[in-house]
Amino acid sequence: MSSRGPRLLEWKLGTVAELVQETPRVASLVLDVPEWHGHLAGQHVDVRLTADDGYQAQRSYSIASAPEDPRLAITVERLDDGEVSPYLVGEVRKGDKVELRGPIGGYFVWRATDDRPLLLIAGGSGIAPLMAMIRHRAAAPSTTPTRLLYSSRSYDDVIYRAELERLASAGDGLSVSHTLTRTQPSGWDGYSRRIDGVMLAEVAWPKEKMPVIYICGPTPMVEAAASLLVDMGYDASSIKTERFGATGG
């Protein structure tokens, strides 16, 4: 599978094959993209919209589907004042065309052939590229020991909730821990605060196991989690981060 090359960065038209409403504000678009040459788990694509008057708006979205999946999936959070996300979440319909190019990025990627313990830390829709890794792990298949720590505002805001529960129950070495920072349902037995050092000490692999770590989410969360891990003695070179301000305008 080739994931680089000038021909892959040409704009292509993908057809919306499926729409999945993940949460009230988040949807996944599953696309059929002709002559798609594959991607690596963790890469992203650029999406471009063109208005009737010729005005164009462009945003980047992480690929959420596994490299093994013949269709390409992106997960988008609607921002009310955004230029692109309100169209992708709410207006686009099955059969519509979406202009995109990619895959892009070679740093924030994970391959199932890497058997080091894997620690994934996500905030909000920053789960998307990490979900591509989790799906890649399942499809490979791989039994790489993997732990996900996922921070969401509320239970209803947990993206891929049912799929994560199913994959974590497979008994193949994946565990999922949630923290809900704003509201929690009755009987909630997960964490109920922002990610902190105590939480990381409980969830993360011991540093002696030399895990590889991927963190994706809002900039403050990513920087805080990475700094805490470095302070706890984890090798900074093993921590890969991807930050965003707003989640896809």
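The numbers here are math on the coordinates, done by the rules we state, and not lab data. Just so we're clear, the structure is a prediction, and the values are computed from it rather than from any experiment. With ideal geometry, Cβ positions are generated from the backbone for all residues, glycine too; neighbour counts draw on all protein chains shown.
How far apart, in nm, are two points set 7 Å out from the Cα along the Cα-to-Cβ line at S237 and at D96?
Between S237 and D96, the label points sit 4.6 nm apart.
Give me the percent of DSSP beta bridges within the chain that run antiparallel, rounded to the nearest 5.
Bridges in the chain that DSSP calls antiparallel: roughly 55 percent.
Which order do M133, M232, M199 fall in if you start with the one that has the fewest other Cβ atoms within 10 Å?
Lowest to highest Cβ neighbour count: M232, M199, M133.
Excluding residues fewer than 8 places away in the same chain, name every one of the aspartates and glutamates whose C-alpha is closer than 20 Å to that of K207.
Excluding near neighbours in sequence, the set is D114, D115, D196, E223, D231, D235.
Check each of the GluC sites (Glu not before Pro) in segment 1-107 and keep only those in coil by DSSP with at most 13 other C-beta atoms within 10 angstrom; list them in order.
E10, E35, E91
May I ask for the Kirkwood hydrodynamic radius of segment 6-104, worked out over all distinct Cα pairs and given in angstroms to one decimal?
13.6
Relative to the first principal axis of the alpha-carbon coordinates of the chain, what is the inclination of helix 127-139, with its axis defined by its Cα atoms, in degrees from 0 to 90 and to the nearest 10?
The angle comes out near 80 degrees.
³J(HN,Hα) across segment 11-26 via Karplus (A = 6.51, B = -1.76, C = 1.60, θ = phi - 60°), whole Hz, x for Gly/Pro?
Coupling constants for segment 11-26: 5, 10, 9, x, 9, 5, 8, 7, 10, 10, 7, 6, 9, x, 10, 10 Hz.
Starting from the Cα coordinates of the chain, work out the convex hull volume and express it per residue in Å³.
127
Shape verdict for segment 78-164, please, from the Cα gyration tensor: rounded (a/c under 1.5), prolate (a/b greater than b/c) or oblate.
Here segment 78-164 falls in the prolate category.
Give a quick list of chymotrypsin sites (Phe, Trp or Tyr not before Pro) in segment 134-231 that DSSP marks as loop, anything other than H, G, I, E or B, with at most 16 other Cβ atoms within 10 Å. All intermediate terms of the calculation are to be shown ahead of the outcome.
Details: sites: Y150, Y155, Y160, W188, Y191, Y214; in loops: Y160, W188.
Sparse-neighbourhood loop chymotrypsin sites (Phe, Trp or Tyr not before Pro): W188.
Would you mind calculating the gained length between E10 and A201 on full extension (0.36 nm times residue separation, minus the Cα-Cα distance), in nm to one decimal?
Computed gain between E10 and A201 is 64.4 nm.
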